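Below is one structure, written out as structure tokens; the observations come after it.
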Amino acid sequence: MSGDDLTDPELASEAELAFEGALRPKSLEEFVGQTRVRGQLQLLLTAAVMQQRTPDHILLAGPPGLGKTTLAMIVAHEGGRPLRMSSGPAIQHAGDLAAILSSLVPGEVLFIDEIHRMARSAEEMLYLAMEDFRIDIMVGKGAGATSVPLDLSPFTLVGATTRAGLLPNPLRDRFGFTAHLEFYDEAELEQVLARAAAMLGLPIDGEAVAEIAGRCRGTPRIANRLLRRVRDYVLVHGSGRADGSGGRTGRADLEAVRAALDLYDVDELGLDRLDRAVMQTVLTRFGGGPVGLNTLAVSVGEESETIEAVVEPFLVRIGLIVRTPRGRMATPEAWRHFGLSERAPDAATALPIDDL
């Protein structure tokens, strides 16, 4: 692609979309991390091929950005089967699900993201579809309504959820295999970043890759996003390394990575602006806690659901806050990270139990 092509918005957009598609591994061998889950999936898919049947239904559970959608695509690709994609919020009526199921071809893989957010009526229809590959459609209303059975083509359902506990037991039990995806360690993230940098055509130093890996919260999606921001920074500012002609190289070195991530408010632990706002509020305004979720959300100007689902799990996982019967409290590590002196919370900030 020439320099002129890069200035064309349509061509640049196509290039970015092509990169997004190429970034997703096409096979379990290319997929980095989740070693145990990959081995389990490989066995399940190989056995299905040997028995000439559709693979069992698969539930992929875990935090966002760990590769659930990519694994669903791999399940379809490795079996040479077509893939149909939908999401729980888009299926708000049993009729929505019936339209999807009735149009599936034999052996097709149906991927439903955020499956726990489906309507209850659709969930109940899914029970029979998963077990017996048929659904019952109600025709008419009132006393004259009749149930018409409709046979379905055999299919494999791949459900993805970030809240496995919200799935009703009858639905969860109908999956033949449940995979729990774990956060990535830094060595695995360095492999993900090295592969993505090669696809971006971005020369990058090993220590720079390690720096990004340490700041992306154990999540490949965040790692790839940060890498693109580093690419943008190097493109605009160049790296800190002279090229011998008075200019700057296009290589991402450690200095450029740190400058780019500092610009985007990502610190050495991976905390972003909202994370730091939450921690600063707990530490300085409430003396380290305890502080309830609702009070904390109002203090930082965010919804309580955002704090609970997006911010808090990471802060708990890296040991900066703990959840207690009276509310959220900062740990000694949090005081050290923010360079503050630990002090006992003021009695006036003690939180009533009903605000937890």
Of the criteria (1) within 26 Å of the chain's Cα centre (by Cα); (2) among the charged types (D, E, K, R); (3) modelled with pLDDT of 85 or more, which one GLU333 fails: (1)
Members of segment 115-139 found to be of a type in the set (Phe, Trp, Tyr) and either within 14 Å of PRO170 (Cα to Cα) or assigned to a helix (DSSP H, G or I) (or both), listed by number: TYR127
Qualifying residue in segment 303-310 (condition: in a helix (DSSP H, G or I) and over 21 Å from GLY65 (Cβ atoms)): yes
Residue in segment 146-153 that is over 25 Å from GLY165 (Cα atoms), surrounded by 15 or more Cβ atoms within 10 Å (Cβ to Cβ) and either at pLDDT below 90 or of a type in the set (Asp, Glu) (or both) present: yes
Number of the exception - VAL257 against (1) more than 30 Å from LEU200 (Cβ to Cβ); (2) in a helix (DSSP H, G or I): (1)
Any helices (runs of 4 or more DSSP H) falling wholly within segment 149-215 and containing at least 3 residues that are within 23 Å of the chain's Cα centre (by Cα): 186-200, 206-213
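The values are calculated or read from the model by the stated rules, or taken from the named source; none is laboratory data. The model shown is predicted, which means the values in this text are computed figures rather than measured ones. Glycine gets a Cβ as well: all are built from the backbone with ideal geometry, and neighbour counts include every protein chain shown.
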